[in-house]
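Asker: Next up is a structure, given as structure tokens.
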Amino acid sequence: MIKNTETCPALQDSSTLRYLQNMLMLTHFKVKYNSKTNIYTIKVEQISYCPLCGGDLSVRDSRKRGVIDSGGEKKTFKLRRLKCGSCDKLHIELPDIIQPFKHYAADVIESALDGTDYCPAETSTIKRWRKWFSAAVPYIERVLAAIKLTNLSNSINLLKYSSLIDHIRAGGRGWLRRLTQMLVNSGGRLAAEG
């Protein structure tokens, strides 16, 4: 399914694209903390379906994921892995507070990209994030346009904005979460186009 990875320098590795296809970004959830285990769990408040075939998902197991928050504290999250009853693919539920493939929380990365607020990451890490995002901008713009054209999102007027990313950023804090959710929940199908 994934043949062309040259569309985005930030996603050159085809295993990265395959992993995106097996991810579900959650927007409706609650975080619970267990002081005995020092682990945060996600209580899902939305029904998820397989992004590849639309089949029903059932819980298979879970895995731990570390995330560094805006205070520089590492928090461990327990994330559910779901199996599709139709295509047998595994998917991980990722709350939108966690940025895929990054060790820091989405709001920390967003603040660093915007150049606002304190960021606990080292300067070299912040430079890498900015380089990664700059390299991904042309690809992200094409994917957002494809999402709009395939009616996956009717909230963007393509003719009104010269940059769809700038339009999403203009929505204020949380823009990186909204952007990532749109890209990931497109099922990765759009990543193969271009």
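Asker: Take the conditions assigned to a loop (DSSP other than H, G, I, E, B) and either β-branched (V, I, T) or surrounded by 12 or more Cβ atoms within 10 Å (Cβ to Cβ) (or both) and apply them to G72. Does it pass?
Answerer: Values: assigned to a loop (DSSP other than H, G, I, E, B): yes; either β-branched (V, I, T) or surrounded by 12 or more Cβ atoms within 10 Å (Cβ to Cβ) (or both): yes.
For G72, the condition - assigned to a loop (DSSP other than H, G, I, E, B) and either β-branched (V, I, T) or surrounded by 12 or more Cβ atoms within 10 Å (Cβ to Cβ) (or both) - is met.
Asker: Here's a follow-up. Look through the stretch 75-105, keep the residues that are within 13 Å of the chain's Cα centre (by Cα) and among the hydrophobic types (A, V, I, L, M, F, W, C), and return whichever of them is surrounded by the most Cβ atoms within 10 Å (Cβ to Cβ).
Answerer: Here the answer is I98.
Asker: Hey, does the stretch 116-127 have a residue that's touching a Pro at 6+ places or on another chain (Cβ under 9 Å) and part of a helix (DSSP H, G or I)? Steps first, answer last, please.
Answerer: Narrowing the stretch 116-127 to residues touching a Pro at 6+ places or on another chain (Cβ under 9 Å): none.
For the stretch 116-127, residues touching a Pro at 6+ places or on another chain (Cβ under 9 Å) and part of a helix (DSSP H, G or I): absent.
Asker: Applying the selection to the stretch 121-132, what residues are in contact (Cβ under 8 Å) with a residue 24 or more places away in the chain and buried (at least 18 other Cβ atoms within 10 Å of the Cβ)?
Answerer: A121, W129
Asker: Okay, moving on. Please name all residue pairs, on different chains or six or more residues apart, with Cβ atoms under 8 Å, provided the first residue is in the stretch 134-161 and is more than 25 Å from D114 (Cα to Cα) and among the acidic types (D, E) and the second residue is outside any helix (DSSP H, G or I) and modelled with pLDDT under 80.
Answerer: Here the result reads none, with nothing in the stretch 134-161 linked to a residue that is outside any helix (DSSP H, G or I) and modelled with pLDDT under 80.
Asker: Let me ask something else. Sort through V31, V108 and tell me the only one that's within 27 Å of R173 (Cα to Cα), within 16 Å of the chain's Cα centre (by Cα) and of a type in the set (V, I, T). Talk me through it step by step, then tell me what you get.
Answerer: On the way: V31 fails: within 16 Å of the chain's Cα centre (by Cα).
On inspection, the qualifying residue turns out to be V108.
Asker: For the stretch 38-63, what are the residues that are within 30 Å of T125 (Cα to Cα) and surrounded by 11 or more Cβ atoms within 10 Å (Cβ to Cβ)?
Answerer: Of the residues in the stretch 38-63, the ones within 30 Å of T125 (Cα to Cα) are 38-42, 62-63.
Those that are within 30 Å of T125 (Cα to Cα) and surrounded by 11 or more Cβ atoms within 10 Å (Cβ to Cβ): I39, Y40, T41, I42, S62.
Asker: Moving on to the next point. Looking only at the stretch 109-125, count how many residues are of a type in the set (G, A, S) and under 17 Å from I97 (Cα atoms). Before you say what the answer is, go through the steps one by one.
Answerer: Initially, the stretch 109-125 is screened for residues of a type in the set (G, A, S), giving 111-112, 115, 121, 124.
Add one more test, that the residue is under 17 Å from I97 (Cα atoms), and what stays is 111-112, 121.
Of the residues in the stretch 109-125, 3 are of a type in the set (G, A, S) and under 17 Å from I97 (Cα atoms).
The values are calculated or read from the model by the stated rules, or taken from the named source; none is laboratory data. What you see is a predicted model, and the numbers here were worked out from it, not measured in a lab. As a convention, Cβ positions derive from the backbone with ideal geometry for all residues, glycine included, and neighbour counts pool all protein chains shown.
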